[in-house]
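One structure is given below, encoded as structure tokens.
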Amino acid sequence: MANSFELNGTLKVLEDLQTFASGFTKREFVIEVPDGKYPQMVKFETVRDKIEQLDSLNIGDELKVTFDIRGNEYKGRYYVNLNAWKIESSGGGQGGGNASAEQGAPSDPPPSSFDSAFDNETEISEDDIPF
């Protein structure tokens, strides 16, 4: 998918690094986006070399996230990932500095991490899906 999107919000959750049996790595984070009376909590993931962009961020930082939407099918079920590839601190939060390591779009956006999540041959049961 060639489209890129941007979203501004406040960093609420910064998960630990996840490494899979194949050597694939990803890190997830959540930003809170104002949406009238009910703010939205939006979860993103970063993969491979984009993970280091999260190292200088703190909970409460204001961010601008540039991302791609990735969709996958696995055993008749469909999944969507928001793949963040550029993360900029927009000030106003507790942390400081520009967390972006890139100034332009990547020449080859990373593939969805969902495919790699199954490299360790674990099975997802209905109870593992949060929806």
Q: Report whether or not Ser4 is in contact (Cβ under 8 Å) with a residue 60 or more places away in the chain and among the polar types (S, T, N, Q).
A: yes
(Q) Looking only at the range 13-46, count every residue that is among the hydrophobic types (A, V, I, L, M, F, W, C) and over 20 Å from Leu57 (Cα atoms) and tell me the total. (A) 3
Q) Can you find even one residue in the range 31-42 that is of a type in the set (Gly, Ala, Ser), modelled with pLDDT under 95 and under 15 Å from the mean Cα position of the chain (by Cα)? A) no
Q: Would you mind telling me which numbered condition in (1) loosely packed, with under 12 Cβ neighbours inside 10 Å; (2) closer than 19 Å to Gly23 by Cα; (3) modelled with pLDDT of 55 or more Gly76 fails?
A: (2)
Q. In the range 13-30, which residue that is in a loop (DSSP other than H, G, I, E, B) and free of Cβ contacts under 8 Å to residues at least 12 places away in the same chain is nearest to the chain's Cα centre (by Cα)?
A. Asp16
Q. Applying the selection to the range 38-73, what residues are of a type in the set (Lys, Arg) and in a strand (DSSP E or B)?
A. Lys43, Lys64, Arg70
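The values are calculated or read from the model by the stated rules, or taken from the named source; none is laboratory data. Predicted, not measured: the structure shown is a model, and the values here were computed from it. Glycine also receives a Cβ, built like all others from the backbone with ideal geometry; neighbour counts cover every protein chain displayed.
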